[in-house]
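All remarks here apply to the structure that follows.
The values are calculated or read from the model by the stated rules, or taken from the named source; none is laboratory data. Predicted model, so just to flag it, every value in this text is computed and none were measured. In this analysis, Cβ positions are derived from the backbone assuming ideal geometry, glycine residues included, and neighbour counts consider all displayed protein chains.
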Amino acid sequence: MRKKIVAGNWKMNTTVAEGVALAKAVVELAGQTPDNVGLIVAPPFTHLCCVADVLKGSKVELSAQNCADHESGAYTGEVAVNMLASAGCQWTILGHSERRQYYGETDEKLVEKVRLALAGGLKVILCVGENLDQREAGKHFDVVSEQTKNVLFNFTAEDMKSIVIAYEPVWAIGTGKTATAQQAEEIHACIRKVIAEKFGEAVAEDLTILYGGSCKPSNAKELFAEKDIDGGLIGGAALKADSFIEIAKSF
């Protein structure tokens, strides 16, 4: 049975004290979630060590929101994989649409980031997704397939055991719009088919694919009922512990 995951991406929100309080609240409520649903929180870099302390002994795992594409060196402002691991991270999110859009991250750069993350012992949530123009032009399947191939076809079936994909319909992030369950399922199924063509059916069936477009307590149950949707990468709703946990309880 595929691993179910609900991951909270806090983005550039909360002070350290607010983040610690949020993490404590998530840990306190985590026992209400099904045993087979993994919980992950991804605070800003500044919070990682403090939040890691809060999460010790709980079912909640810690993720960074990004990592550098170099191991170390004169790269002011960047954060390397070994730094994240030493701060207590088990995961990193890579290729988020905001990183692609605002900071020019390319698939080529993401290949290097994924390689470094895996080599450094971190698991990866790799984001893929189309924007509104691409969706309206009917190119959404092509865009998501190419992003998936461009990055993940550089890795092995063994590597895939440490990778989760998050599908983000970019047009639905922070806009209040949400892909219908059917629209989301179609893309998730497409991603699984692309993975199967490269790595085989067993790897594809074992792959956790998350939905990352304005998932909230009111629509999570319908989305998670689809056979290829294995959880969510949650933005705004992850900034309140009760709504984050309600989403995880939707399974």
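Okay, residues lined up against (1) closer than 16 Å to Ile234 by Cα; (2) under 19 Å from the mean Cα position of the chain (by Cα):
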| position | (1), (2) |
| --- | --- |
| Asn9 | yes, yes |
| Val20 | no, no |
| Ala23 | yes, yes |
| Leu48 | no, yes |
| Lys59 | no, yes |
| Ser63 | yes, yes |
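Filter region 147-169 for residues that are in contact with a helix residue (DSSP H, G or I) (Cβ under 9 Å, 6 or more places away or on another chain), among the β-branched types (Val, Ile, Thr) and within 14 Å of Leu126 (Cα to Cα) and give the result.
The answer is Thr148, Val151, Ile163, Ile165.
Could you check region 54-85 and list, in sequence order, the residues that are polar (S, T, N, Q), surrounded by 12 or more Cβ atoms within 10 Å (Cβ to Cβ) and out of contact with any helix residue (DSSP H, G or I) (no Cβ under 7 Å at 6 or more places or on another chain)?
Ser63, Gln65, Asn82
Within the set of pairs 6+ apart or on separate chains, which have a first residue in region 196-224 that is more than 25 Å from Asp159 (Cα to Cα), a second that is in a helix (DSSP H, G or I) and polar (S, T, N, Q), and C-beta atoms under 6 Å apart?
Note: pairs meeting the criteria are Pro217/Ser243.
Hey, Leu210 hits all of (1) modelled with pLDDT of 95 or more; (2) in contact with a strand residue (DSSP E or B) (Cβ under 9 Å, 6 or more places away or on another chain); (3) under 16 Å from Arg135 (Cβ atoms) but one; which does it fall short on?
If we test Leu210 against (1) modelled with pLDDT of 95 or more; (2) in contact with a strand residue (DSSP E or B) (Cβ under 9 Å, 6 or more places away or on another chain); (3) under 16 Å from Arg135 (Cβ atoms), just (3) comes out false.
List pairs: first residue in region 129-153 and under 18 Å from Glu185 (Cβ atoms), second residue assigned to a helix (DSSP H, G or I) and not β-branched (Val, Ile, Thr) anywhere in the structure, Cβ distance under 6 angstrom, at least six positions apart or on different chains.
Within 6 Å, the pairs are Gly129/Ser97; Glu130/His140; Arg135/Trp171; His140/Gln134; Phe141/Cys190; Val143/Gln134.
Can you find, within region 130-149, the residue that is surrounded by the fewest Cβ atoms within 10 Å (Cβ to Cβ) among those that are at negative phi and assigned to a loop (DSSP other than H, G, I, E, B)?
Ala137
Looking at region 94-107, is at least one residue in a helix (DSSP H, G or I), free of Cβ contacts under 8 Å to residues at least 24 places away in the same chain and either among the β-branched types (Val, Ile, Thr) or surrounded by fewer than 17 Cβ atoms within 10 Å (Cβ to Cβ) (or both)?
For region 94-107, residues in a helix (DSSP H, G or I), free of Cβ contacts under 8 Å to residues at least 24 places away in the same chain and either among the β-branched types (Val, Ile, Thr) or surrounded by fewer than 17 Cβ atoms within 10 Å (Cβ to Cβ) (or both): present.
Does Val54 satisfy the condition of being in a helix (DSSP H, G or I) and either modelled with pLDDT under 95 or of a type in the set (Val, Ile, Thr) (or both)?
Taking the combined requirement at face value, the residue satisfies it.
Within region 3-25, can you find the residues that are surrounded by 15 or more Cβ atoms within 10 Å (Cβ to Cβ) and part of a loop (DSSP other than H, G, I, E, B)?
Within region 3-25, Trp10, Lys11, Asn13, Thr14 qualify.
Conditions (1) closer than 21 Å to Leu233 by Cβ; (2) in contact with a strand residue (DSSP E or B) (Cβ under 7 Å, 6 or more places away or on another chain), marked per residue:
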| residue | (1), (2) |
| --- | --- |
| Ser86 | no, no |
| Gly95 | yes, yes |
| Tyr102 | yes, no |
| Lys109 | yes, no |
| Ile125 | yes, yes |
| Val128 | yes, yes |
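Out of all the residues in region 108-129, which are charged (D, E, K, R) and not in a helix (DSSP H, G or I)?
Passing the criteria: only Lys123.
Which of the residues spanning region 3-36 are among the basic types (Lys, Arg) and either free of Cβ contacts under 8 Å to residues at least 12 places away in the same chain or under 17 Å from Gly212 (Cβ atoms) (or both)?
Once the filter is applied, which keeps residues that are among the basic types (Lys, Arg) and either free of Cβ contacts under 8 Å to residues at least 12 places away in the same chain or under 17 Å from Gly212 (Cβ atoms) (or both), region 3-36 yields Lys3, Lys4, Lys11.
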